[in-house]
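S.K.: The following block contains the structure, expressed as structure tokens.
The values are calculated or read from the model by the stated rules, or taken from the named source; none is laboratory data. None of the values given here were measured: they were computed from a predicted structure. Quick reminder, even Gly has a Cβ in these numbers, built from the backbone with ideal geometry, and neighbours come from all protein chains shown.
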Amino acid sequence: MPPPPPPPAAPDADDPPVELVRLTAVPLADVTALLAEPRNARHLPLARGAVTAGSTAAWVRGKDALWAADGYGPWAILLDGAFAGWGGFQREDHGPDLALVLRPECWGAGAIVTRVLLRRGFDDLGFTAVTTALPRTRNPDRAVARLGFEPAGETAFDQVPFRLYRLTRERWRQVDRAG
């Protein structure tokens, strides 16, 4: 059995209730609906083929296995107790990589959820730097800069190009303190 996720970092008083749980703890139908959502799918160039209960179950097992292999992985994200999406860290050649996919009606909470994830990564998991790789369908420069990320070139997964951004723990602490 994979180890449990570490306890959460202390939330800010202004944060809405964000809970991070294992992907295996939420109904598979909720994850399937998220992965099949066309507004999300257009930003997920590595997702290929039809999304089915079977493909989602295999995807969840694979993501959950990262916890045993690497000591970290993605979580299911709950906002006010309801499934809002998934996010977390995955080991890549360039280090821990942050990913976040939310249901469209939860997109407005993306910055708050990202802050919770970054606190977990830097404070609880002890990362000294993280990256995020974003597809070319997104124009994220201003949004990631507000969080302290800096351009770090490009990378590719399965020969699909992504823009790469990097954030150090020191820079994150400056940004997080500033609010």
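S.K.: Residues in region 95-120 that are β-branched (Val, Ile, Thr) and either in a strand (DSSP E or B) or in contact with a Ser or Thr (Cβ under 6 Å, 6 or more places away or on another chain) (or both): how many? Lay out the reasoning, then the answer.
M.R.: Quick first cut of region 95-120, residues β-branched (Val, Ile, Thr) only: 101, 112-114, 116.
With the extra rule that they be either in a strand (DSSP E or B) or in contact with a Ser or Thr (Cβ under 6 Å, 6 or more places away or on another chain) (or both), the set shrinks to 101.
Total satisfying the criteria: 1.
S.K.: Assigned to a loop (DSSP other than H, G, I, E, B), surrounded by fewer than 20 Cβ atoms within 10 Å (Cβ to Cβ) and at positive phi - does that describe any residue in region 87-94?
M.R.: Quick first cut of region 87-94, residues assigned to a loop (DSSP other than H, G, I, E, B) only: 93-94.
If we keep only those that are surrounded by fewer than 20 Cβ atoms within 10 Å (Cβ to Cβ) as well, we get 93-94.
From what's left, at positive phi: none.
No, there is no match, as no residue in region 87-94 is assigned to a loop (DSSP other than H, G, I, E, B), surrounded by fewer than 20 Cβ atoms within 10 Å (Cβ to Cβ) and at positive phi.
S.K.: Which pairs have Cβ atoms under 6 Å, sit 6 or more apart or on different chains, and link a residue in region 125-147 that is modelled with pLDDT of 85 or more to one that is assigned to a helix (DSSP H, G or I)?
M.R.: Partner pairs satisfying both residue conditions: Phe127/Gly121; Thr128/Arg169; Val130/Gly121.
S.K.: Within region 33-49, identify whether any single residue is modelled with pLDDT of 90 or more, surrounded by fewer than 17 Cβ atoms within 10 Å (Cβ to Cβ) and not hydrophobic (A, V, I, L, M, F, W, C), and answer yes or no.
M.R.: Looking through region 33-49, none of the residues is modelled with pLDDT of 90 or more, surrounded by fewer than 17 Cβ atoms within 10 Å (Cβ to Cβ) and not hydrophobic (A, V, I, L, M, F, W, C).
S.K.: Residues Leu100, Leu66, Leu79, Leu118: which one is at pLDDT 90 or above, touching a Cys at 6+ places or on another chain (Cβ under 7 Å) and within 27 Å of Ala33 (Cβ to Cβ)?
M.R.: On the way: Leu100 fails: touching a Cys at 6+ places or on another chain (Cβ under 7 Å); Leu66 fails: touching a Cys at 6+ places or on another chain (Cβ under 7 Å); Leu118 fails: touching a Cys at 6+ places or on another chain (Cβ under 7 Å).
None of the other options fit; the residue is Leu79.
S.K.: Pull out all pairs, ordered by first then second residue, where Cβ-Cβ is under 7 Å, the residues are six or more apart or on different chains, the first lies in region 151-173 and is modelled with pLDDT of 90 or more, and the second is surrounded by fewer than 13 Cβ atoms within 10 Å (Cβ to Cβ).
M.R.: Partner pairs satisfying both residue conditions: Leu164/Gly153; Leu164/Glu154; Tyr165/Glu150; Tyr165/Pro151; Arg166/Glu150; Thr168/Thr128; Arg169/Thr128.
S.K.: Scan region 147-168 for residues that are surrounded by fewer than 16 Cβ atoms within 10 Å (Cβ to Cβ) and within 17 Å of the chain's Cα centre (by Cα) and report the count. Quick ask: steps written out before the conclusion?
M.R.: So the first thing to find is which residues in region 147-168 are surrounded by fewer than 16 Cβ atoms within 10 Å (Cβ to Cβ), and the list is 150-151, 153-154, 156-161.
Still in the running and within 17 Å of the chain's Cα centre (by Cα): 157.
The qualifying residues number 1.
S.K.: If you go through region 50-86, how many residues are in contact with a strand residue (DSSP E or B) (Cβ under 8 Å, 6 or more places away or on another chain), under 21 Å from Glu19 (Cα atoms) and assigned to a helix (DSSP H, G or I)?
M.R.: Qualifying residue count for the region: 4.
S.K.: Quick one: what pairs do we get from region 57-73, first residue surrounded by 14 or more Cβ atoms within 10 Å (Cβ to Cβ), second of a type in the set (Ser, Thr, Tyr) and assigned to a helix (DSSP H, G or I), C-beta under 6 Å, 6+ apart or different chains?
M.R.: Asp64/Thr24
S.K.: Write out, first by first residue and then by second, each pair whose Cβ atoms fall under 9 Å of each other, whose residues are 6+ apart or on separate chains, and whose first residue, in region 81-110, is farther than 16 Å from Asp64 by Cα while the second is assigned to a strand (DSSP E or B) and at pLDDT below 90.
M.R.: Asp93/Thr155; His94/Ala133; His94/Thr155
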